[in-house]
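Everything below concerns the one structure shown next.
Where a number appears in this text, it was derived from the coordinates with a stated rule and is not lab data. All of these numbers come straight from a predicted model, not from anything done at the bench. Positions of Cβ are generated from backbone atoms using ideal geometry, with glycine treated the same way; all protein chains shown enter the neighbour counts.
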Amino acid sequence: MLSYIAKRLAIAVPTLLLLIIISFLLMHAAPGGPFTQERALPPQVLANLEAKYGLDQPLWRQMANYVWGIVAHFDFGPSFIYKDRTVNEIIAQGFPVTLTYGSLSFALAVLVGVSLGVAAAIRHNTWLDYLAVGVSIGAQVLPNFVMAPILVLVFTLWLRWLPGGGWEGGEWQYIIMPVVALSTSFMASIARITRSSMLEVLNSNHIRTARAKGLPERKVILRHALKPAMLPVISYLGPAFVTMITGSVVVDIYFSTGGIGKAFVDSALNRDYAVMMGVTILVGALTILFNLVVDILYAWIDPKIRY
Amino acid sequence: MNKLLLTTALGLSLALPAFAAEVQPGDTLAENQEYTYRVLDAIKSMDPQINTDVDGAGIMRSLFEGLYNEDQVGGLVPGVATSHELSDDKTTYTFHLRDNAKWSNGDPVTANDFVYAWKRLADPATASEYAWYMELMQVVNASEVVAGEKPVDELGVKAVDDHTLEVKITAPLPFFPKMLTHASTFPVNQKVVEAHGDKWTDAGNLVGNGAYVLKEHILGEKVVMERNPMYWDDAKTIITKATALTINDENAALTRYLAGELDRTDVPAGQYPRLEAELPDEANSVPQSCSYIYMFNLDEAKGPEALKDVNVRKALSYAIDRDIIVNNVLQGGQAPSYNWTHASTDGFEMPEIDYASWSQADRLAKAKELLAEAGYGPDNPLDLTLNYNTSEAHKKIAIAVQQFWKGIGVNLTLNNMEWKVHTDKMQNQDFEIARYAWCGDYNEASTYLDLFTSYSGHNNGKFLSADYDKLLKDSKTAENPAPLYKEAEQILAAEMPFAPIYQYTEVEMIKPDMRGMSLNNLMQNWYVKDMYRVAN
């Protein structure tokens, strides 16, 4: 197992390097640059800017400097657009925000989604099943860009219970709506996957055996059905967790959280190369990490899996 | 040296009482004097010489103060400078600085702070995107310094003593003093900049000379500013705390305004009529110095053949029903436009543009006639492409224009692209027709008209006219440039290098207890220090 983990981590390095190279090239291939603006800069001013940010050097050199900065100093460089900040600072400010509301959304989605899915499967074809399926389909078709304005309309404008946006260091009033808005569609997917996987497991041989030897239904579900039923759910949860903690552009924009999700999209639109690379690497590294976590969990859940 | 240029003197003396929050007779101040407003995006920099955007400039006006400020209607009022003199050859300005101006750390504000800031703006090492502003101001050696051909110390600005600043410009520039309210000319404290390097703009490090100090700046969330007790006019300042909240989505911002979280926000396109009916005391639509056009590509090599014919360009412009665009599409009180310079620009006299007074039916008839003359019509339809950047309003206008032009037999293909791609294509003459808008840098017609000179860096459609260039060159030294500007506008109407569409308004919601909001300042240069809240 340990050698497997070591091997996976070793593969992560070239994977990340490839990610950096491809993103870097794609980014530079897009028309326009960080200093392209409505009022074109005089050539001399542009030259001064490009010299300051090293954009006057050949592409391979820029890339080499960039990678060296990360490896040697863990320095992702300065932002080309937010000139008071370095990429490290932008991520250090925005990532804790998305990590907070993303983790809470994840917890909420898993808790509610798995409970709904299990309940629906156990009470297959009863009103509870229909209700659970109905709720999860409803949540699925209600994307967060619809959900967010509705929440604000109801809880901010009508009821005046919650502030309509902002973060204020993560005070609870400011967290509730982003968490709910982000979690609903994930919750729905988790409920659907749990339900179908649970139904399949409940029809399998080892459950029939458990029931035949007279185990109470409660034990059958908790001890024998739940664990194997979680396998497909877990493979969904790995990438979903990364998506959630690296933030949602809709949530960031609508609730003005100052999170990393919006910074990422902005950096692409602004051609803020350094920020875009920084967040890409962050998302890439987290994805690799959590895929590994999922694989380890697999082995733990299913003794048949050996690495 | 003659004592002050007459117009400037007049402007200054008339406007003198209007700086600082001037509580009107009958107004009772509210207990709460905090002010919260919306900004569209994260503030890119708190450094006056680095900042480039409009929202950032608003923050700069709170944290710093330049030589002059603007009053409620855009007239010049003393800032750090109390007066100035202009030499007989009109190329040397001598500014007299007040002796009670202080930085927020208690240091006195001196002429050297301005010298340092201006050199810093032009210095290639700073790499400011607004370095060209020094060139626009025609400061001696600005271009050479920006180009790295001369050392920074040769920039034509010098401190005669602590309270006297001398600026030399290359040629007379009648509106030079007006350019001094621009944030890039604000002073910075050399000691602080050098002590903290790039981090000098962090809250806690930043030292300014404005009415407010920076308490907190969370990128993409908020900027919090509190009173600067060192500010020379602090006794007359009323708002105690100003907060700028970044809210990208204008509908989200409107909801939060309605829920009482904001005192000022923008009105999303199309919502003004409803809000004006429901909340007449809060919905405002006032002129703003920006002009919206469709630029034609006249480039010799890259422009489409058809657009080289002035009749085609005129036909396209005539066929646009601007009333429908402002009244039915935008619905925010915008003005239909038949010229380039914003109509409310100071000192600008609107020329009589022929087609402005025609009925739309007449324009349409003329358009068809001109197009037929050019050889296009039902048998030989004209195909053109319009580039526009992503925005709901741009799209709606483009669709409307597509319909108008269909009526005269022109097939317009709409080509929507992301902002950077749109800009990149425009600047490389890689377009046929492109949406474009220009906002004035200062309240004078040349900020618009200079753009279509052959030597302008922004003339993306490559309109070339020797007569036009000459008029604009002459206007720089003319005693009264207004007649020359009129002629220049007539050339634009005759040559039609672009189709004017509309002139902007600032459409906003403002809480009814707010005062001193500078709504009649065309440049929308408001100062938090001039605002106050009245008791209900």
Quiz item: When the chain is fully extended, how far beyond the present Cα-Cα distance does B:E149 get from B:Q402, taking 0.36 nm per residue of separation?
Solution: 86.2 nm
Practice problem: Give, in nm to one decimal, the length gained when the segment between A:T209 and A:R223 is fully stretched (0.36 nm per residue of separation minus the Cα-Cα distance). | Solution: 3.7 nm
Self-check item: Prolate/oblate/rounded call for region B:212-353, Cα gyration tensor, a/c under 1.5 rounded
Solution: prolate
Quiz item: Using +1 on the beta carbon of Lys and Arg, -1 on that of Asp and Glu, and nothing else charged, what's the dipole of the protein assembly as shown about the Cα centre, debye to 20?
Solution: 4580 debye
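I need the GluC sites (Glu not before Pro) found in region B:273-340, filtered to DSSP loop residues with at most 13 other beta carbons within 10 Å of theirs. Show your work: numbers first, answer last.
Working: sites: B:E276, B:E278, B:E282, B:E300, B:E305; in loops: B:E282, B:E300.
Of the GluC sites (Glu not before Pro), the ones in loops of region B:273-340 whose Cβ has at most 13 other Cβ atoms within 10 Å are B:E300.
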Quiz item: Cα gyration tensor of region B:287-506, axes a ≥ b ≥ c as square roots of the eigenvalues: rounded (a/c below 1.5), prolate (a/b > b/c) or oblate?
Solution: rounded
Practice problem: Take every Cα pair under 8 Å in region B:287-506 that's 6+ residues apart, average their separations, divide by the length, and report that relative contact order as a whole percent. | Solution: 40 percent
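Work out how much length B:Q360 to B:T94 would gain on full extension: take 0.36 nm times their residue separation and subtract the Cα-Cα distance, in nm to one decimal.
On the way: separation 266, 0.36 × 266 = 95.76 nm, distance 5.24 nm.
Between B:Q360 and B:T94, full extension yields an extra 90.5 nm.
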Quiz item: Counting each DSSP H run of 4 or more residues in the protein assembly as shown as -39500 (n - 2.57), what helix-only mean residue ellipticity at 222 nm follows after dividing by all residues, to the nearest 500 deg cm²/dmol?
Solution: -13500 deg cm²/dmol
Practice problem: Tell me the label-point distance for the pair B:E349, A:V71, using the 7 Å Cα-to-Cβ offset, in nm and rounded to one decimal. | Solution: 7.1 nm
Self-check item: DSSP beta bridge pairing in chain B, given as percent antiparallel to the nearest 5
Solution: 75 percent
Quiz item: In degrees between 0 and 90, to the nearest 10, how far off the longest principal axis of chain B does helix B:392-406 point, with axes built from Cα atoms?
Solution: 20 degrees
Quiz prompt | Distance in nm between pseudo-label sites at A:I137 and B:D202 (7 Å out along the Cβ direction from Cα) | solution = 5.5 nm
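What helices does chain A hold that run 18 Å or longer along their axis, going by alpha-carbon atoms, with a Kyte-Doolittle average of 1.6 or more, using DSSP H for the helix calls?
Values: long enough: A:2-29 (41 Å, 1.86); A:59-73 (21 Å, 0.27); A:87-122 (49 Å, 1.54); A:127-141 (21 Å, 1.17); A:172-202 (41 Å, 0.99); A:226-245 (26 Å, 1.35); A:273-301 (41 Å, 1.98).
Passing helices, by number: A:2-29, A:273-301.
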Practice problem: May I ask for the angle, rounded to the nearest 10°, between helix B:360-373 and the longest principal axis of chain B, with both axes built from Cα atoms and the value confined to 0 to 90°? | Solution: 60 degrees
Quiz prompt | In nm, spacing of pseudo-spin labels at A:R61 and A:M1 (7 Å Cα→C-beta vector) | solution = 5.1 nm
Exercise. With r as the distance between the Cβ atoms of B:E300 and B:D513 and R0 = 60 Å, compute the FRET efficiency 1/(1 + (r/R0)^6) and round to 0.05.
Key: 0.55
Quiz prompt | Paramagnetic reach from B:T28 in region B:476-517 [backbone N under 18 Å; point 7 Å along Cα→Cβ] | solution = B:512-515
Quiz item: Looking at region A:130-200, which trypsin sites (Lys or Arg not before Pro) are in a loop (DSSP not H, G, I, E or B) and have at most 11 other Cβ atoms within 10 Å?
Solution: A:R160
Quiz item: Tally Lys and Arg at +1 and Asp and Glu at -1 over the other residues with C-beta under 11 Å from the C-beta of B:F463: what net charge comes out?
Solution: -1
Quiz item: Under a Cβ-Cβ cut-off of 12 Å, what is the net charge of the residues other than B:N536 that fall near it, where Lys and Arg count +1 and Asp and Glu count -1?
Solution: -2
Exercise. Tell me the Kirkwood hydrodynamic radius of chain B in angstroms, computed as one over the mean inverse distance between distinct C-alpha pairs.
Key: 24.7 Å
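What does the convex hull of the alpha-carbon atoms of the protein assembly as shown project to on average, in nm²?
Details: hull surface 169.2 nm².
Mean orientational projected area (the protein assembly as shown, Cα hull): 42.3 nm².
What's the longest bit of chain A with no exposed GluC sites (Glu not before Pro), using DSSP loop states and at most 16 other Cβ atoms within 10 Å as the test?
Values: sites that count: A:E38, A:E168, A:E171.
Segment A:172-307 is the longest.
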Practice problem: Could you pull the Rg and Dmax for region B:164-255, using just the Cα atoms, both in Å? | Solution: 17.2, 51
Practice problem: Normalising by the residue count of chain A, find the relative contact order in percent from Cα pairs under 8 Å and 6+ residues apart. | Solution: 27 percent
Practice problem: Return a whole-number percent for the relative contact order of chain B, with Cα pairs under 8 Å and 6 or more residues apart as the contact set. | Solution: 20 percent
Quiz prompt | Coil-residue chymotrypsin sites (Phe, Trp or Tyr not before Pro) of region B:430-469, DSSP, other Cβ within 10 Å capped at 11 | solution = B:Y455
Exercise. With everything on Cα atoms, drop me the angle between helix B:6-15 and the longest principal axis of chain B, reported from 0 to 90° to the nearest 10.
Key: 70 degrees
